[in-house]
Each structure stands twice: as structure tokens, then as C-alpha cells.
1. Could you please state how large a percent of the accessible area of the chain is carbon and sulfur, counting protein chains only and using a 1.4 Å probe?
2. Given a 1.4 angstrom probe, what's the average accessible area per residue across the stretch 337-502, in square angstrom?
3. Beta carbons within 10 angstrom, averaged per residue: use that to sort the peptides 122-133, 511-522, highest first.
4. Starting from the Kirkwood Rh over alpha-carbon pairs, what translational D in µm² s⁻¹ does the stretch 181-286 have by Stokes-Einstein at 37 °C and 0.692 mPa s?
5. Using the structure shown, list the pairs from 236/397; 4/530; 508/530 with a Cα-Cα distance above 31 Å, or answer none.
6. How charged is the neighbourhood of residue 364? Take every other residue with its Cβ under 12 Å from the Cβ of residue 364, and add Lys/Arg as +1 and Asp/Glu as -1.
7. Measuring from label point to label point, each 7 Å out along Cα→Cβ, what is the residue 436 to residue 377 span in nm?
8. Report, in degrees rounded to the nearest 10, the 0 to 90 angle that the Cα long axis of helix 194-207 makes with the longest principal axis of the chain.
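The values are calculated or read from the model by the stated rules, or taken from the named source; none is laboratory data. Keep in mind that what you see is a predicted model, and the values were worked out from it rather than measured. With ideal geometry, Cβ positions are generated from the backbone for all residues, glycine too; neighbour counts draw on all protein chains shown. Surface areas here come from the heavy atoms of the whole protein model, side chains and all, with no ligands, DNA or RNA. Shrake-Rupley method; radii C 1.70, N 1.55, O 1.52, S 1.80 Å.
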Amino acid sequence: MTEKVGVYICHCGTNIAGPVDVEEVARWAKENLDGVVLARDYRFMCSSLGQELIQEDIKNEGLTRVVVAACSPHLHEKTFRTACSKIGLNPYLTQMASIREQVSWVTEDRAAATHKAKMMVAGAVRRVQLQEELQPTEVPVNPNTLVVGGGIAGIQAALELADAGHKVFMVEREPSIGGHMAQFDKTFPTLDCAACILTPKMSDVGLHENIELLSYAEVDSLSGFVGNFDVRVRKKARYIDEDACTGCGICIEKCPKKVVDEVFEAGLGYRKAVYRPFPQAIPKFPVIDRDTCIYFERGTCKACEKFCPTEAIDFEQTDTYLDLNVGNVIMATGYDLFDCGKIPQYGYGRLANVFTSLEFERLCNAAGPTEGHILLRDGVTEPKSVGIIHCVGSRDKQHHAYCSAVCCMSALKFGHLVMEKTGAEVYSFYIDMRPLHKNYEEFYDRLLQEGMHFIRGRVAEVTDAARLPGEDGKLIIQAEDTLIGKQRRIPVDMVILLGALQPRFDAKETGLKFGVSAGLDGWFTERHPKLDPVATMTDGVFIAGTCQGPKDIPDSVAQGAAAAARVQGMISKGTVLIEPIVATIEEARCSGCRICNTLCPFNAIEYLEDKAVSYINPALCKGCGTCVAACPAQAISGAHFTNDQIFAEMEGLLYDVIGSNGATVKSPQPALEPA
């Protein structure tokens, strides 16, 4: 049966209609392409009126195939598939030609753009006539959810789901949940106590009947597909029996070994070999640090065991593994702070009174090593002047080109705290001020009124080499002030470096474990940066918070809630549709070479020992085509991307060369002029 194809050319306002003669493309398609029974142009095909136009033509003209030449399929393919399916046409009998991103946005030559648009429409028309009806597969969704990461984004996601009555497993690699926010003193721009707003939520997680908290644990492996993931969690040995421990803290009190706390106190304070990270830690159980414990070093001591009233100390404890089954996964693994020592000219690690932003947070915190007193490294002297340097490691092509989103507001917060607690002069060295969100600009104005000094320009170096009067014993910040066009040397007592937010050190390995890709900068990649920022290309795996990119606390909370809403929607439906565009293996032609097994980026291919052939799990396959291209026996075919369909599209793209019947057309040669 000859297919009846309808072609629709979108103006997209002037995005396409500006560089492309859309009326001419529609006329040409109707007159020259086999199978095309009607061709129309319309201002906005994605609008409800545009979709209704397609539906009316399918109903009245009996169209069996539809081609829409518009924007990228990534943006509106689902829109047009849905419109066709509502009127009874299988959605996979629709094809899009991207004449915006690939034509009108890449040239201003109207003749060339119109010609290329014609060829792309021809390719789509030829291809769509060979496309076949496909049906998605429906699978049930396990209502349990895994949340990886116990920072503020993960906490918000877990509580949203748990409050809706769904079981949540929260896995946190540290002994306590809370993340970086638990280390902060105040939050901008309201200057709320970070602990005061965080710890109630932490407590809610610890006490919630629908949340099973697995702290001091890591995800070892994940397999399966959306609605049905099998997860193996490695629970690291605490050397504390959680069932017997009451969290009384006697073991911490009696432990004779003190070590520098490099994690929670950022190297400024001490903790015991048996410790809980901070007093409000959730869960309340301590953990014994095997690397610093005297018993594990020398085989003696056991003071904690001797004094424990409930006999909860267990030096023989080993790592244990838990197997879970969940329907969805939310990744909220957070960020690391840039190592400011990588920029040696700023003196961190060499000059005593150069601090990182996290170190300063602990100095300000009433529960920190100085009980909230802002002091120099000697632990006694209050600074009389402080310099705050923005964008250390960010907006820097040598390290991270992106903006870290929180530095400007953190600098304002630090400036306020310094002036409030010490009365010191504060100098803020910035490239651009970016107070982007609600009440942020007002906070900036407040700091201007409080007397904070702002110097626009990148800092060249921080040195203790005095050259001018008044610089002896000071740290000198050498910087360009672009507002007055001069180099300045500002002597200060303390320097605070606002280091970049960067992906976790193991982000790429974690991404591979969960089937989530990372960009060149290391942040996890979302399905769509604007329209779907919490979903990933792996169905059932969502991202939230700073693992997706730098953001502040409100945005992290919003993303955590958004990811939970997406998961809850799937749980409420009870089932999920699996995309039918997947690869399949013809067993009779498969040699069992296993080349495809090692290449599949989604781990969708397994080897069947009993049949000596490979098998593709359609629920895991994303139809990327890697295995199709790699198979030496050509035993693998991709639905919706068969060889015949691809070759037909290529022939259509070469319409001006091979013509409508496949015969080679001799292209006109340009006239040659004498040199």
C-alpha cells in the first residue's frame, strides 16, 4: 500500500521563517516528493492549533504518515507523537526534521537554508514511509525509593516521599546525615542559624517510620531498570552495635586518642578516635576510626569497651551487605570544595592566616573549634582587617570555567559576620557581583551600608613580603581595581578564599555505577537543562542538589522536592511505559563473541551461557545503537533505526544528487571565469 504522507513546515515565529522560505519548502515537497499528499506551513506547529491541524488532516485526508519540519526532536517529538496518537495514528509513524537547529540557526544565507531544508524534508519523507508501528511496554513500579546522599537535597527528597506514605532507603557515606550545611554557621540572605533549620529535618529523617537510614554506607552496585532496581549496599563497620548503643557518649569521653578532624572541622579542631561528627548527628551512634584507634594500631587500650555500660563496642565487626529492591533512585551526592592550594599565588597552606571558606564557617560557628570567635591561626588574635577573595578556582580557565553560584553571597555573609563580631575592616575582591535570587540584591545593599569595601578585579597574589609602610606583619593582597584603573596593595590580617564548588572526587565512577553520564566539567548530566533538570537519560534515576551543578540551599531544596514529585508521580500511576525503540539480537546469527556486552553503556546486554548467545534486556536498552554498529555478524537490529530506514533518509538528503527515483542527477557546474 502506498503511504499517504502529510508534511508540515513550522515558521517558529521568525526563527525558521526568517532564514528559510517555508512556503517554498512546503510547495516543493507537495510537488516533488513521492507519497506526499499534502504539505502545509504554519506559524507555530507546536501550538494547540498546529496540533489540531495535523489531527484534522489525519482524520479527513486519511494520512498514514506525518512529517513535521520544525525544531529539534529532543524538544517537541513527544508533542507531535502525542497529537498523532490521540487521533489514532501510531506515534512512531511520525518523523521530525530539525530545520531550526540544523538549518536556520546555522546560516543567514536564505537560498542555502531553503535548499537544505528541502533536502532534510525529503530525507524525513523517505524514512517515515519505512517506519513501522511500535508499542511501548508497560512495567510495574516498586513503590520503594533509594535516596543516595544525606545532604539537604537528599533529606528534602526523602521526607517528601516518606510523608506521602512511601518507603525510602537513604544511603549516606558519612557517619551522619546533614552534608555541608551542617558545617555552616549562618545562611544567606536571612542569616538564619544553619543548624537551627537543618537539625529538625535531620531528626525527622531519623525518626520517620517510612525512612530506613543507612549511614556510614555506600552503594556497591545497582542493576535492573525503572520500576525494578536491585541495589547492593555496603554498610561499613562502625565497631559499634547499633542495637545496643544508646548514644550516651561515654566511649567518646573515655577515649584517650585525639586526632585532627580533617572532615567536619576542616582541620581546625580535634576529635577522638571514637567519635560522632557533631553533637546533633543523626544517627546518634558513634563510629570508631580504625586508622587512628590505639587498639587497631597496637592491640591494646580498649578503653571504650571497658567503660561502655551497654557493651555496644564490637572490635570484631565487619562490613555487611544489604540487598534492596526499589523502583526509583534519587542521587543527591553533593559537591567537594576546590583545593585552594592549587593556586599557590594565594598562599593557602603556605601563609598561616589564609583560610578557606569552609574553615571560616567553622571559625564563625558557636559549636566550632573557637566557639564562634573569629581568630587568627594563633588562636588568640582577632583580625583588624580581612580580605575576601571571590572565584578561587571558578571562572578560571585553568581550573573551572563555570561560576560557583554561591561565592558572592557567601562573601557578603562573611563580611557581615566579621564586622558584627570583630568590627574589622572587610575588603571584598570580586570579578562580578551576582546576587541573583530573591532578597539577594537587598542583602548586597545592606552590606554596602554597613561599610564593607568592594574592589572589582581579579587578585594577582597574596604575599607577606612587605614593600610599603604599614605592610610589616600583614598579608598583602595585590589586585587590579578595574573601577579606578589602578593596581592596589591592600594589607590585611586575614584572607578568606572562596573556593569553587566542584564535583565529588568519585563523581564519574558513581555515575557509571548508576548509569548517569557526567559532563566535561564533571557534574551529572540532566535529561534537559531547562525542561527536565532533575531527570537523567536513565529512566528511574533522578538527580537533585549540587551533584547536578553549583547551587545554593533554596535551589537544592527545590530540586530535592522536584525529584521526589517526579518519583511520586510514577509510584501513583503504578506502572511505567518503556520506550520501544530498542535493539534486538537475532539468535540464529549471533556467534557469541560478546563484543556488544562490553560496549553497551547501559549494561543492557547479558550473555546466555546455555544458548551461547547474547541477549538484550529491552527494559534497560536505550536504543543508542552502539551494539548495532559494533556487531561483526550484523545480528543486531535497532527498532525505528533499521538499515533500510537510515539509507532511505540518506537518499532523501541527497535528493538533489540522485533524484526521486534513485537515478544519479548531474549537478549543474558553476561557470568558470578566467583568472
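1. So the carbon and sulfur contribution to the accessible surface is 51 percent.
2. 44 Å²
3. Answer by packing, highest mean first, reads 122-133, 511-522.
4. This corresponds to a translational diffusion coefficient of 200 µm²/s.
5. From the list (236/397; 4/530; 508/530), the Cα-Cα distance tops 31 Å for 236/397; 4/530.
6. -1
7. 3.5 nm
8. 70 degrees
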